[in-house]
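S.K.: Just dropping this structure here.
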Amino acid sequence: MMRFSTLVRQPAAWMLPEGPHADIVISTRIRLARNLASRPFPGWAKKEERLASLAELQPGVEALPDMADGFSADLTKLDPLQKQVLVERHLISREQAAKGPGSAAVINRAQNLSIMINEEDHLRMQAILPGLDLTRAYGMLDAVDTQLESTLPFAYHNEFGYLTACPTNLGTGLRASTMMHLPGLVLSEQINQVIHSANRIGLAVRGIYGEGTEALAHLFQVSNQNTLGEREREIISRLEKVIEQIIQREHDARQKLLQTNPTKLRDHLGRAYGVLRHAHTIETKEALNFLSMLRLGQDLSLLNPGNRLLIDHLLVEIQPAHLQLAAKKKLSAEERDALRAELLRLHLRNLPEPETTPPTTPPPSQE
Amino acid sequence: MLCDVCQTKEANVFFTQIVNGQVQKVNLCEECSKQKGVTDPTGFALAELLLGMGTTQEKPEAKVTGILCPVCGFSQAEFKRVGRLGCPHCYEALRSDVETVLGNLHKGTRHTGKIPARAAASAAGNRLEALRRDLAKAIDEEKFEDAVRLRDEINALAPTIAPPPSTAS
Ligand SMILES: [Zn+2]
Ligand SMILES: [Zn+2]
């Protein structure tokens with residue numbers, strides 16, 4: 001199996017902005033929860049029982065064809081920085097990163113398939129793809145699940161379906177979600193309304209980094225809450241319909257901003273550009289928000305197009321663990337802020353200035 | 001919808017959890033969510049907040065009363081406290097407690113999705129066994145029309161499933 005350094009040398013598959021609707025949907029994630037039929041759930045299991053579950057699960061997971069040349073490690077063998085890098089790439093959960101002996105992560109080479117062992121459930125398997133690609137992500141994971149169930153006795157109940165540690169995941173064990181960039185809805189103050197309506201029909205909308213209008217980088221996760229009583233394909237198509245509506249509203253909001261308040265929009269973009277190109281110290285929060293404005297500017301063609309890949313990479317690369325990984329050492333918060341600014345100046349040094357409109361007031365006449 | 005903490009501002013952070021055996025929808029405003037650390041982009045605070053409310057470890061083992069799971073020893077009281085179960089068998093042992101929360105959590109209370117091949121085969125196996133019994137009975141009772149229908153059903157079903165396991169499950 002591959003080393004950690006080899007794994008993280010390449011960006012995760014979802015960071016490549018090539019999927020459908022990549023301008024607004026950054027990534028799609030499908031997660032399935034599965035448990036062994038005759039072992040206690042990880043949260044109730046004693047340490048020896050957790051180790052026994054791990055021993056039963058890990059070989060089968062590592063032997064999956066998809067995991068050939070993949071990465072596999074017990075969480076206790078990774079240092080806090082390595083774990084945080086995996087969290088920042090969404091390859092393991094924060095909860096998993098905090099787990100002790102008996103927990104492991106197995107990740108494929110392309111980093112679009114990751115399987116957590118002994119998280120809240122014995123198996124939390126996830127497929128992450130760029131853009132809006134729910135059906136393909138589910139197909140990938142469904143195939144993996146079918147391969148695993150041929151050798152592993154999963155806990156299944158004729159009425160309740162797949163049994164999970166928490167009844168919130170019971171039945172299909174399926175959580176489908178997309179990470180969406182919604183600056184138009186935030187700037188036009190429609191985001192809370194969107195969150196409310198999604199919530200009313202059983203979908204959750206959460207900030208990836210913070211909530212509501214305060215969500216950093218205007219990034220939101222939209223996901224299903226119900227897992228029982230609907231088939232997998234129904235859950236997915238219901239979510240997909242809502243996501244398509246949100247995409248449409250975001251497009252509309254962006255166009256409206258451009259028409260009704262172009263000065264405000266250009267001002268946001270210009271300030272973001274100025275700070276990111278010239279700051280010598282910058283916090284994660286500020287950097288995320290300004291990168292979000294650049295992303296919006298480029299999608300509205302106010303900024304040189306073709307930079308979305310770079311911007312999406314930077315959204316991950318400027319995060320604390322990734323910065324320290326690049327620096328190959330632990331850094332204080334101040335050192336991180338300085339390094340973050342340096343990284344941004346370096347990568348954005350060739351980014352042309354945002355397009356400016358001709359002045360609306362005539363230049364002062366010479367007398 | 002108002003924030004559950006301050007009761008004054010509009011809520012825009014939502015999550016669902018089980019506390020004390022009840023499904024709870026938690027609604028927070030931006031400020032309260034921030035105070036609880038939900039906006040911290042780097043820390044573990046969000047996880048702690050979300051998990052911490054469901055799995056508080058501070059209380060020592062509550063007095064074990066009522067129903068226990070015979071396989072793993074997990075109690076009804078524990079389920080009411082943490083909202084999670086001990087092992088797959090708990091779903092039968094604590095079935096009535098589980099069923100009271102399911103209706104609030106999900107679209108339905110019965111699984112309609114994927115069935116593992118193993119379970120599908122055993123379900124089909126059971127069905128096949130029942131059909132063969134019915135067929136024998138129909139022949140005994142000289143109900144030949146029924147017998148023909150049953151035989152056709154058996155022939156349609158039999159090739160789709162693996163031979164039955166050596167021990168009945
Ligand atoms: Zn509040
Ligand atoms: Zn149990």
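S.K.: Of the residues that make up the range B:62-85, is at least one surrounded by fewer than 16 Cβ atoms within 10 Å (Cβ to Cβ), at positive phi and modelled with pLDDT under 90?
M.R.: Yes - at least one qualifying residue is present in the range B:62-85.
S.K.: In this structure, is A:Gly184 crowded, with 24+ Cβ neighbours inside 10 Å and either within 11 Å of chain B (Cβ to nearest Cβ) or assigned to a helix (DSSP H, G or I) (or both)?
M.R.: Taking the combined requirement at face value, the residue satisfies it.
S.K.: Looking at A:Thr178, is it closer than 21 Å to A:Arg233 by Cα, open to solvent by less than 10 Å² (accessible area, probe 1.4 Å) and either more than 11 Å from chain B (Cβ to nearest Cβ) or free of Cβ contacts under 8 Å to residues at least 12 places away in the same chain (or both)? Don't jump to the end; show me each part of the working.
M.R.: Numbers: closer than 21 Å to A:Arg233 by Cα: yes; open to solvent by less than 10 Å² (accessible area, probe 1.4 Å): yes; either more than 11 Å from chain B (Cβ to nearest Cβ) or free of Cβ contacts under 8 Å to residues at least 12 places away in the same chain (or both): yes.
It is true that A:Thr178 is closer than 21 Å to A:Arg233 by Cα, open to solvent by less than 10 Å² (accessible area, probe 1.4 Å) and either more than 11 Å from chain B (Cβ to nearest Cβ) or free of Cβ contacts under 8 Å to residues at least 12 places away in the same chain (or both).
S.K.: Which residue out of A:Leu303, A:Leu314 is surrounded by 22 or more Cβ atoms within 10 Å (Cβ to Cβ) and within 20 Å of A:Ser27 (Cα to Cα)?
M.R.: The conditions single out A:Leu314.
Here's the yes/no breakdown for (1) within 7 Å of another protein chain (Cβ to nearest Cβ); (2) more than 16 Å from the chain's Cα centre (by Cα); (3) assigned to a helix (DSSP H, G or I):
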position	(1), (2), (3)
B:Val71	no, yes, no
B:Arg84	yes, no, no
B:Cys87	yes, no, no
B:Glu92	no, no, yes
B:Ser96	no, no, yes
B:Gly108	yes, no, no
B:Thr112	yes, no, no
B:Ala121	no, yes, yes
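S.K.: I've got another one for you. Scan A:Leu323, A:Leu346, A:Leu265 and give me the residue that is modelled with pLDDT of 90 or more and over 28 Å from A:Arg9 (Cα atoms).
M.R.: A:Leu265
The values are calculated or read from the model by the stated rules, or taken from the named source; none is laboratory data. In this text, all values refer to a predicted model and were calculated from it rather than measured experimentally. Cβ sites come from the backbone with ideal geometry, for glycine too, and all protein chains shown count toward neighbours. Just the protein is used for accessible areas: all its heavy atoms, side chains included, with ligands, DNA and RNA removed. Shrake-Rupley method; radii C 1.70, N 1.55, O 1.52, S 1.80 Å.
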